[in-house]
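*Asks:* The structure follows.
The values are calculated or read from the model by the stated rules, or taken from the named source; none is laboratory data. Because the structure is predicted, anything quoted here is derived from the model rather than measured. Please note: Cβ atoms are built from the backbone with ideal geometry, for glycine as well, and neighbour counts cover all protein chains shown.
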Amino acid sequence: MRVHRNLLIAGTGTLVLALIALAQRPTPKPGLYEVTSKMSWQQSPFPEGMQAPAGSGAAHTAQTCVTQAQIDRYSGPKPQANRGCQVSNIQKNGTGMTAEISCGAPMSGKGTVETRWTDTAHSKSKVHFTGAMQVGPNSKTIEWTIETESTYKGADCGSVKPAAE
């Protein structure tokens with residue numbers, strides 16, 4: 001009888017811990033987010049001394065409207081990717097998601113995406129990409145990382161439109 005009672009207590013304790021973990025799981029909200037991104041080149045296609053494209057190196061802040069459909073699919077804002085890129089192998093977990101990106105010309109290659117929610121209003125993401133880029137008649141090897149922090153601003157997106165799927 002004592003063994004059964006101990007098993008019942010242990011089982012109930014495990015269930016309570018699981019419920020607490022689910023209750024503490026950050027759930028992002030649809031609405032307006034302020035997104036600050038910083039891009040860094042690990043291998044740039046540009047000759048030394050030549051200015052890299054706008055958005056390289058310095059932090060860039062913009063607003064984005066996140067829909068419930070994006071939260072359902074990506075666990076938050078759609079991962080940043082250039083035109084011609086596809087997001088695949090999306091794996092959602094208790095605090096965010098991971099995914100892969102693949103791109104065709106003019107910047108072909110593959111990358112990884114990781115998003116982590118620190119609470120219901122804040123997330124951090126990282127996109128790491130390696131591939132090649134056509135620069136004039138030559139193909140140059142590239143590698144870059146974009147690190148992003150998102151902050152929820154409110155349910156009303158105002159004039160900010162959601163990113164196209």
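*Asks:* Give 107, 133, 97 a once-over and let me know the one that is among the aliphatic types (A, V, I, L, M) and either modelled with pLDDT of 95 or more or within 13 Å of the chain's Cα centre (by Cα) (or both). Steps first, answer last, please.
*Replies:* On the way: 107 fails: either modelled with pLDDT of 95 or more or within 13 Å of the chain's Cα centre (by Cα) (or both); 133 fails: either modelled with pLDDT of 95 or more or within 13 Å of the chain's Cα centre (by Cα) (or both).
One residue alone meets the criteria, 97.
*Asks:* For segment 88-108, which positions are surrounded by fewer than 15 Cβ atoms within 10 Å (Cβ to Cβ) and small (Gly, Ala, Ser)?
*Replies:* The answer is 88, 94, 104, 105.
*Asks:* Here is a follow-up. Would you pick out the residues in segment 135-153 that are farther than 22 Å from residue 87 by Cα and assigned to a strand (DSSP E or B)?
*Replies:* First pass over segment 135-153, keeping only residues farther than 22 Å from residue 87 by Cα: 135-140, 151-153.
Listed by number, the residues that qualify are 135, 138, 139, 140, 151, 152, 153.
*Asks:* Let me ask something additional. Would you confirm, using the coordinates I've provided, whether residue 71 is modelled with pLDDT under 90, outside any loop (DSSP other than H, G, I, E, B) and not charged (D, E, K, R)? Even if it seems obvious, please write down each step before you answer.
*Replies:* Values: modelled with pLDDT under 90: yes; outside any loop (DSSP other than H, G, I, E, B): yes; not charged (D, E, K, R): yes.
Yes; evaluated as a whole, the condition is true for this residue.
*Asks:* Look through 125, 159 and report the one residue that is over 18 Å from residue 43 (Cα atoms), of a type in the set (Ser, Thr, Tyr) and part of a loop (DSSP other than H, G, I, E, B).
*Replies:* Numbers: 125 fails: part of a loop (DSSP other than H, G, I, E, B).
It is 159.
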